[in-house]
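Heads up, the thing below is written out as structure tokens.
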Amino acid sequence: MKIPPLSRCLLMFSILWAGCAPAVRSEPLADPAPPKVTAPPEGQTSAEPQSFDRLTYRAAPKPLPEGAVTEPWPRFLGPHDDATTRETKLLAKFPAGGPKIVWEMRKGTGYTSPAIVDGRLVMFHRLDDEETVECLDPETGRRHWVHAYPVEYRDRYGYSNGPRASAVIDSGKVYTLGVTGVLTCLDLRTGTRLWGRDLAADFQIGDNFFGYGSCPVIHDGKLIANLGGAGRLCVVAFDQHTGATIWGTRHEWGASYSSPVVKTLRGQPRLLVFAGGESDPATGGLLCIDPATGTLHDAYPWRADKFESVNASSPIVVGDDRVYVSDCYEKGGVMLELTADLKWKEAWKAPGFGMHWMTPLVKDGHLYGFPGRNEPDASLACYDAASGEEKWRQDPEWSFAMPNGGRDYRLRFFRGSLLQADGRTWALGELGTLAIFDLSPAGLKIVDQTQLFLSRSTWSLPVLHRGLLYISQHEDNFLDSGKPRLICYDLRAE
């Protein structure tokens, strides 16, 4: 629906006013459809995990090195919501032929990666016409349980028809939010459905460009989601155990593809929501919200003035009062400072450092990332987090010889991902290149690299847990015509 010029002006005025208005307390939120809750089964133990027809087991990984530090991976950005983990005792370089595959599972459609907690790996994807949640043993790939429900969705732009938001594990429960807005809570041990609700129906959420795609965050007993529902209902908190609504934050900005995070800023937990999806005019920006009450402290507009644009990169916190957000379509990035009166203040802008979906990596006072909207636009860059100065920009390129005498390909990392672990940076390129980086303000040093497979849309951040690396290959492998897979690689040091 096109908005008349006068209405559009009034809407833009209200958006700009949001940046200087006082904190807005959330309103009591009547729940339109409280879900029925099923109690977790008592005394029931899950059966031993079983093999299944889509699983191929290759070889056992090396033993976990003595003294290795490990961490769970409860959500797609990892245990700290910033693509870092404290895992140690990983490979210094790759063996000949690349890291060894432990197991692989043929997967369905979607752009998700697994979550791993308490010896359970949960993968959320679409098989045929069902959104499917599978719980696997992380070291063997054998399956504990599976839960599925029918879904009707076709991507209007021809991208994947599967879910965009990875599973979240917390307090012995699994939470998934599907591409049509179906929110489900399952028991991690048994796969029992504890509660669920259709958020699109309950809160009148539109289709959006690519369906629903923002991963929820769990904080202090609340599951918080960027909804973009009717009546300006932008963000909603649900009781994570019952699914009932707790509070709602109203704002003009709709649901984005960026996932909210809760971080300590100015000494208190702050909910950071980088909102902005399909809307005309195109609107969006960064919200700072009290996660306990839903009170909106401030809203900073940051969104390309272009209908076919979205905000997809998650906010990244730098220090105790700064947050970086970015847009790849026109505006680039901006570093915001949260002032003592809980208002956003612009610290610096970086028009050339706008991410499409990746979250920049913060390391030793610098930001590293692959800015760029399309494959040819992307490169690796480093920015000083304090000043916004670009330190360097590099775009490594190499030749890859196809097997069986095929022609050579010129490859780059394109719109890659960065993961920090064990004192080094692990980079996953868009076409399946895995590399070990030594990143510093002086430049990029590639310690080692290997071509895991040759497949488009390798867009999901890798997952690292107990020295094993899990990578989602979302499309066919050009090297052997292999179908999309979830692959477990052994990164354990000897």
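Close amide-amide hydrogen proximity is noted between A347 and M335, L336, E337, each under 5 Å apart and 5 or more residues distant or on a separate chain (H modeled in the peptide plane; Pro and chain starts excluded).
Counting only lysines at least 8 places from K343 when in the same chain, those with an alpha carbon closer than 23 Å to its own are K263, K331.
Simple rule: put +1 on each Lys or Arg Cβ and -1 on each Asp or Glu Cβ in the range 365-494, find the dipole, and look at I471, L439, G423; the Cα lying farthest toward the positive end is I471.
Taking 0.36 nm per residue of separation and subtracting the current Cα-Cα distance, fully stretching the chain between E130 and Y149 would add 6.3 nm. Our note on the geometry: Cα centres of the range 179-226 and the range 291-331, 21 Å apart. Listed by chain and number, the lysines whose C-alpha is less than 17 Å from the C-alpha of K107, apart from same-chain residues fewer than 8 away, are K483. The charge dipole of the range 276-417, taken about its Cα centre with unit charges on the Cβ of Lys, Arg, Asp and Glu (plus for the first two, minus for the last two), comes to roughly 420 debye. Charge tally for V317 (other residues, Cβ to Cβ under 13 Å; Lys, Arg +1; Asp, Glu -1): -1.
Here's the list of aspartates and glutamates a cross-link from K391 could span, going by alpha-carbon distance under 19 Å and ignoring same-chain residues fewer than 8 apart: D364, D377, D438.
Other residues whose C-beta falls under 11 angstrom from the C-beta of N477 contribute a net charge of -1, scoring Lys and Arg +1 and Asp and Glu -1. The charge dipole of the chain, taken about its Cα centre with unit charges on the Cβ atoms of Lys, Arg (+1), Asp and Glu (-1) only, comes to about 280 debye. Placing +1 on each Lys and Arg Cβ and -1 on each Asp and Glu Cβ, with no other charges, gives the range 361-494 a dipole about its Cα centre of roughly 220 debye. Sort the range 101-209 into rounded, prolate or oblate with this rule: let a ≥ b ≥ c be the square roots of the eigenvalues of the Cα gyration tensor; rounded if a/c is under 1.5, and if a/c is not under 1.5, prolate when a/b is larger than b/c, oblate otherwise. Taking the square roots of the gyration eigenvalues as a ≥ b ≥ c, the range 101-209 is oblate. Model label sites at R456 and A96, defined 7 Å from Cα along the beta-carbon direction, differ in position by 3.5 nm. Proximity of backbone amide H atoms, modeled 1.01 Å from N, is registered between L188 and K173, V174 at under 5 Å, excluding neighbours fewer than 5 places apart on the same chain. In the chain, Cα pairs under 8 Å separated by at least six residues give a relative contact order of 15 percent. Name the residue farthest towards the positive end of the dipole of the chain from the options G191, L177, M358, assuming +1 on Cβ of Lys and Arg, -1 on Cβ of Asp and Glu, about the Cα centre. Selected residue: M358. Note on Cα Rg over 2.2 N^0.38 Å: of the candidates (i) 1.09; (ii) 0.94; (iii) 1.00, the value calculated from this structure sits at (ii). Between the beta carbons of E330 and T88, assuming R0 = 35 Å, the FRET efficiency works out to 0.30 to the nearest 0.05. Charge tally around P351: other residues with Cβ under 11 Å, Lys/Arg +1 each, Asp/Glu -1 each, net -1.
Secondary-structure-derived ellipticity at 222 nm for the chain, considering helices only, amounts to -1000 deg cm²/dmol, per-run term -39500 (n - 2.57) for DSSP H runs with n ≥ 4.
Each reported figure results from applying straightforward, stated rules to the coordinates on display, with no laboratory input. Just so we're clear, the structure is a prediction, and the values are computed from it rather than from any experiment. Neighbour counts run over all protein chains shown; Cβ positions are idealised from the backbone, glycine included.
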